[in-house]
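Report on one structure; see the data block that follows.
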Amino acid sequence: MQLDALDKELMCSGHVGCPGCGATIAMRFVLKALGEKTVMVLPACCWSVIAGPFPQSSLKIPVIHTAFETGGATASGVRAALDMKGDTETTVITWAGDGGTFDIGFQALSGAVERNEDFIYACYDNEAYMNTGIQRSSSTPYGAWTTTTTGADWKKLRKKNIVEALVAHRIPYAATANIAFPEDLIRKVKKAKAIRGSKFLHIYASCPTGWRIPSEMSIKIARMAVQTNIFPLYEVENGVNYTINYKPKEYLVREYFKLQGRFRHLKDTDLDQIQEMVNEDWGLLLRKAGEHA
Amino acid sequence: MEAELGLKKNLYMPRTSVTTESNKTGSWRFLRPRYEEKTSPCSTACPAGEDIARIEMLITQGAFKEAWETILRENPLPGVCGRVCYHPCEGNCNRREFDTSIAVHTMERFLADTAARNETKPVLERLPPKGKGVAIIGSGPAGLAAAWFLNMLGYDSEIFEAMPEAGGLLRWGIPAYRLPAAVLSNEIARIENQGVRIRLSETVSASRFEELKTSYDAVFLGCGYWRNIALNIPGESGSGVEDGLSFLKQLRQGAKPDVRGVSAVIGGGNTAIDVARSIIRLGGRAVIVYRRRREDMPAFDEEIISALEEGVELRELLAPVQIAAQGSDCILTLQQMKVEGRDRDGRGRIAADGTSPVEISVQRVFVATGAAAAETWHEPPPAETAGHHTAPLTPHLPLHLSHCTLHQEQQGTPIIYGGDLTNTSKNVTQAIASGKQAAMALDTFFQSGAGTIRERLSGCLVGEGPSLSMEIYMHGPRKERKTHIVSHQEINTDYFQFEPRVIQPRLLIEERTSSFDEIELKISANTAMREAGRCFNCGICNDCDNCYLFCPDVCILRGRDMTERHIDYDYCKGCGLCVVECPRNAMTLGEEEKL
């Protein structure tokens, strides 16, 4: 694949992300797309650790570490401060995990996008509270093992559809992206950067440690999430215009599930049920995009 | 303003001052990725050992000259082989397990045609002159290849050709619809431009051979098989019976023989097919009579299919018993055969089925059942008779290699036999392989003696062999390639889409049967680039940058031109993503060495 003008590296080696960490790959792509004129707001998440213990930083842009629930509010403040200084060029991005987005930071996020603050809110989604020890979040998918959904008590609730929740705010731009599709991801970040108002990016970021997968498989599994329609790539403009970016050949979801330790307990009947849920969601998305199944 | 913000004094915001680069996370690693190019299955199947994966990569990049030169390092005749080679490479292509194989021969021909059209001059490495001269007898594919490679290795090579034009079997034994004369002449001209001398119309007799031995440092015999093998049946020397090779030769010399009516062609090899298809083009009808079955025919399957398409009739399991003249016609008596078990070569063993012979009436008979060496002194010394009664020979000689035989009588001039004289499979590409092996063997002989030849050559195998690489012999970059042959499972097919193979345009059947025009037509540069783009480039890096892109630890360092990648082991945690996401298996993950 040819990705030009992305040679500038704004992330350093020596960070303490786990081997094969999808969240660091996501960060690299996003920073390459945004460039140096970026301020990052970092509520509590894996990246609070990966960005380095004081006085180190693994990022070559200004980063504000902030409280778990304040990703939307802090970004609003930073944006206001930059505007006061007359700096409308610098991009403000909140970089939060799924816990800080789906659960703990949802109120501040909803408030910020309701005000249509001019910033990007990027959620790198590894589907549980990974850096505190793999506790389930409202992003954890149906069927998954976590340290709080163990044994027979695996999560039997659906993953929250965060993009639809943001779309309901009628923000200018909301999109999904995936680390296995860098061209698509980088295009979306650049597009978001160029739009004024609130932008939301939901980035799939695999987690070898929490998902019980080999580190070298994290891209392969991320790709399969798209290929199986578990994580479709699409974007929504102004809350109404849907575009599906990738029409997969529709591999069976069991191919995705059987590679991951967190789903090992699932039986064929469970997988059939999950397949139906995925098909249903995909049908719904097609309808919203005005396409036929 | 300052006073209003009196709070400011009390605000303490800690700021980072250093990067994380002081953490050498390489200490976490227990698996170690590395760049390691491997061997593609097509290149091992190619008798000439062409670096096909790299050639296709260069075509994809539009670097047609470099791709063509990459062929020339291993094969001096891409224009010929792109047309007449039976392309075993395509039968071994990993892409077959995905959709269909790459049209490697079409690409090879495209490169040769493009170079010919642009009159491109190749820039190839040549070792410093050795000050030794080699006489080469015969300018067929083996002789041309031997001369080409010996020239590359710094020898003066001089070819002696009995005919007034060079090319041997390529010129006189292959019809124009498969190999136009201009293509061959172009290839030979390039070989001459590289410094090979060709002396035409110089027949080498047994006595001349002795002279050559004294005036050259070595002699290569590649005079081919030109004597038709007799059928040993009554009537075969009668009128109306001709040998197939002579017929093809007449055609290439411009003759238009009268072949009205029906001609029987006895044999199942490529010559038999060539004769039959030529008869069709001259307006006659042709029946191939073969004593075994179609699947046992040594002729290339594509040639058989084309012959049948053009109206050649094939009669299997019929052995000729007698040919008798009847007026201007020939009565061919044939014994019906049956298959009984298997021969040692895997083909069906045949025997007369006990029925009485059948007779067919034809206007003439062509015999194309194989050929043999024209003179007994063309034959290499047999393996057993190492001449224990004569003076002790140079140890290790005669040396019988897979594609040639090296001999030296009593410290005399080394003689090397090649091409059809030594090859088990007698075809153009194997002849080129022979010329190459002979050049390497002779050079090693002069450098370090006969005893070192086998070992030196075994270090130049493409994969597990038997194909040899001159680039490896000359210590080129290909030497770094591991011999491991990449399998389909080792390709990350997520990075490839199904795409149909190029369909090479061909003449219509009606056009084919009415002229000797070349059947396969040219393809455009765009088509070639698209087809080459289908290639997995098994085992070699095409600078796709996946390793760089997906590294979570920013450990892939690239040189100034964004190629020449290195892994920064100070920080690499050994996650293995780069290796798995390499589409082409140009990387390997190994265990970290214990300290």
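The values are calculated or read from the model by the stated rules, or taken from the named source; none is laboratory data. Please read all numbers here as calculations on a predicted model, not as lab measurements. No Cβ is skipped: glycine too gets one built from the backbone with ideal geometry, and neighbour counts run over all protein chains shown. For the accessible areas, the whole protein counts, side chains as well, though only heavy atoms, and no ligand, DNA or RNA atoms are used. Shrake-Rupley method; radii C 1.70, N 1.55, O 1.52, S 1.80 Å.
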### Task
Give the residue, chosen from B:506, B:501, B:512, B:584, that is of a type in the set (D, E, K, R), assigned by TED's automatic domain parsing to the domain that holds residue B:52 and modelled with pLDDT of 95 or more.
B:501
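With respect to residue B:309, determine if the residue is charged (D, E, K, R) and modelled with pLDDT of 90 or more. Quick ask: steps written out before the conclusion?
Details: charged (D, E, K, R): yes; modelled with pLDDT of 90 or more: yes.
Against the criterion (charged (D, E, K, R) and modelled with pLDDT of 90 or more), residue B:309 qualifies.
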### Query
Restricting attention to the stretch A:177-190, which residues are surrounded by 24 or more Cβ atoms within 10 Å (Cβ to Cβ) and outside any helix (DSSP H, G or I)?
A:177, A:178, A:179, A:180
### Subset of the stretch A:213-232 that is out of contact with any Phe, Trp or Tyr (no Cβ under 7 Å at 6 or more places or on another chain) and in a loop (DSSP other than H, G, I, E, B) - its residue that is nearest to residue A:169 (Cα to Cα)
A:213
### Query
Does residue B:222 qualify as being touching a Ser or Thr at 6+ places or on another chain (Cβ under 9 Å), of a type in the set (Gly, Ala, Ser), open to solvent by less than 30 Å² (accessible area, probe 1.4 Å) and closer than 28 Å to residue B:381 by Cα?
yes
### Task
Take residue A:88 and decide whether it is surrounded by 22 or more Cβ atoms within 10 Å (Cβ to Cβ), among the β-branched types (Val, Ile, Thr) and more than 8 Å from chain B (Cβ to nearest Cβ).
no
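Across the stretch A:191-212, what is the number of residues that are part of a loop (DSSP other than H, G, I, E, B) and within 11 Å of chain B (Cβ to nearest Cβ)?
The first filter runs over the stretch A:191-212 and keeps only residues part of a loop (DSSP other than H, G, I, E, B), leaving A:195-197, A:205-207, A:212.
In the following step, the residues that additionally are within 11 Å of chain B (Cβ to nearest Cβ) were identified as A:205-206.
Count: 2.
From B:323, B:279, grab the single residue that is open to solvent by less than 30 Å² (accessible area, probe 1.4 Å) and at pLDDT 95 or above. Steps first, please.
Numbers: B:323 fails: at pLDDT 95 or above.
Residue meeting the stated conditions: B:279.
For the stretch B:152-167, which residues satisfy the criterion of being over 16 Å from residue B:414 (Cβ atoms) and either open to solvent by 10 Å² or more (accessible area, probe 1.4 Å) or in contact with a helix residue (DSSP H, G or I) (Cβ under 7 Å, 6 or more places away or on another chain) (or both)?
If the condition is that a residue be over 16 Å from residue B:414 (Cβ atoms) and either open to solvent by 10 Å² or more (accessible area, probe 1.4 Å) or in contact with a helix residue (DSSP H, G or I) (Cβ under 7 Å, 6 or more places away or on another chain) (or both), then B:152, B:159, B:161, B:162, B:163, B:164, B:165, B:166, B:167 are the ones that fit.
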### Task
List every residue pair whose Cβ atoms sit under 8 Å apart, with the two residues 6 or more apart in sequence or on different chains, where the first one lies in the stretch B:235-258 and is within 12 Å of residue B:366 (Cβ to Cβ) and the second, anywhere, is in a helix (DSSP H, G or I) and open to solvent by 50 Å² or more (accessible area, probe 1.4 Å).
B:257/B:250
#### Entry: Single residue of A:109, A:82 found to be more than 14 Å from every other protein chain (Cβ to nearest Cβ), more than 19 Å from the chain's Cα centre (by Cα), in contact (Cβ under 8 Å) with a residue 12 or more places away in the chain and open to solvent by less than 50 Å² (accessible area, probe 1.4 Å)
A:82
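Select from the stretch B:393-447 the residues that are in contact with a Lys or Arg (Cβ under 7 Å, 6 or more places away or on another chain) and surrounded by fewer than 24 Cβ atoms within 10 Å (Cβ to Cβ) and write down the one among them that is nearest to residue B:468 (Cα to Cα).
We begin by selecting, within the stretch B:393-447, every residue in contact with a Lys or Arg (Cβ under 7 Å, 6 or more places away or on another chain); these are B:412-413, B:420, B:444, B:446.
Next, only the ones that are surrounded by fewer than 24 Cβ atoms within 10 Å (Cβ to Cβ) stay: B:412-413, B:444, B:446.
Values: B:412: 28, B:413: 25, B:444: 14, B:446: 19 Å.
Looking at residues that are in contact with a Lys or Arg (Cβ under 7 Å, 6 or more places away or on another chain) and surrounded by fewer than 24 Cβ atoms within 10 Å (Cβ to Cβ), I get B:444.
Does residue B:456 satisfy the condition of being free of Cβ contacts under 8 Å to residues at least 60 places away in the same chain, over 20 Å from the mean Cα position of the chain (by Cα) and either closer than 23 Å to residue B:298 by Cβ or open to solvent by 20 Å² or more (accessible area, probe 1.4 Å) (or both)?
Details: free of Cβ contacts under 8 Å to residues at least 60 places away in the same chain: yes; over 20 Å from the mean Cα position of the chain (by Cα): yes; either closer than 23 Å to residue B:298 by Cβ or open to solvent by 20 Å² or more (accessible area, probe 1.4 Å) (or both): yes.
Yes, satisfied.
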### Message
Residues that are within 11 Å of chain B (Cβ to nearest Cβ), surrounded by fewer than 22 Cβ atoms within 10 Å (Cβ to Cβ), in contact (Cβ under 8 Å) with a residue 12 or more places away in the chain and of a type in the set (D, E, K, R): does the stretch A:50-64 have at least one?
### Response
yes
### Task
Kindly indicate whether any position in the stretch B:269-276 is surrounded by fewer than 20 Cβ atoms within 10 Å (Cβ to Cβ) and in a loop (DSSP other than H, G, I, E, B).
no
### Failed item, numbered, when residue A:185 is tested on (1) more than 13 Å from chain B (Cβ to nearest Cβ); (2) more than 29 Å from residue A:147 (Cα to Cα); (3) in contact (Cβ under 8 Å) with a residue 40 or more places away in the chain
(1)
#### Entry: Matching option when the condition is charged (D, E, K, R), over 20 Å from the mean Cα position of the chain (by Cα) and not assigned by TED's automatic domain parsing to the domain that holds residue B:515, among B:187, B:192
B:192
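Can you tell which of B:59, B:71 is more than 15 Å from the chain's Cα centre (by Cα) and surrounded by 24 or more Cβ atoms within 10 Å (Cβ to Cβ)?
Details: B:71 fails: more than 15 Å from the chain's Cα centre (by Cα).
When all the criteria are applied, what remains is B:59.
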### Task
Please work out which residue is least open to solvent (accessible area, probe 1.4 Å), limiting yourself to the stretch B:332-352 and to residues that are of a type in the set (Asp, Glu) and modelled with pLDDT under 85.
B:343
### Summary
Screening A:261, A:239, A:283, A:290 for residues that are of a type in the set (Gly, Ala, Ser) and touching a His at 6+ places or on another chain (Cβ under 9 Å) leaves only A:239
### Query
Looking at (1) away from chain B (no Cβ under 14 Å); (2) in a helix (DSSP H, G or I); (3) farther than 25 Å from residue A:272 by Cα, which is the one condition that is false for residue A:164?
(3)
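Considering only the stretch B:473-505, state which residues are of a type in the set (A, V, I, L, M) and crowded, with 16+ Cβ neighbours inside 10 Å. Break it down into steps so the answer makes sense when it comes.
First, the residues of the stretch B:473-505 that are of a type in the set (A, V, I, L, M): B:474, B:485-486, B:491, B:502-503.
If the condition is that a residue be of a type in the set (A, V, I, L, M) and crowded, with 16+ Cβ neighbours inside 10 Å, then B:474, B:485, B:486, B:491, B:502 are the ones that fit.
Need a quick list: helices (runs of 4 or more DSSP H) entirely within the stretch B:180-262 having at least 2 residues that are in contact with a strand residue (DSSP E or B) (Cβ under 8 Å, 6 or more places away or on another chain) and at pLDDT below 95.
Details: elements: B:181-193, B:206-215, B:244-252.
Counting at least 2 such residues, we get B:206-215, B:244-252.
Here are A:255, A:280, A:276: which of them is part of a helix (DSSP H, G or I), open to solvent by 60 Å² or more (accessible area, probe 1.4 Å) and under 26 Å from residue B:576 (Cα atoms)? It would help to see each step written out before you state the result.
Values: A:280 fails: under 26 Å from residue B:576 (Cα atoms); A:276 fails: under 26 Å from residue B:576 (Cα atoms).
Testing whether each residue is part of a helix (DSSP H, G or I), open to solvent by 60 Å² or more (accessible area, probe 1.4 Å) and under 26 Å from residue B:576 (Cα atoms) leaves just A:255.
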### Query
Considering only the stretch B:556-590, how many residues are farther than 15 Å from residue B:546 by Cβ, open to solvent by 10 Å² or more (accessible area, probe 1.4 Å) and of a type in the set (Lys, Arg)?
1
#### Entry: Tally of residues being within 25 Å of residue B:300 (Cα to Cα), of a type outside the set (Phe, Trp, Tyr) and not in a loop (DSSP other than H, G, I, E, B) across the stretch B:150-179
3
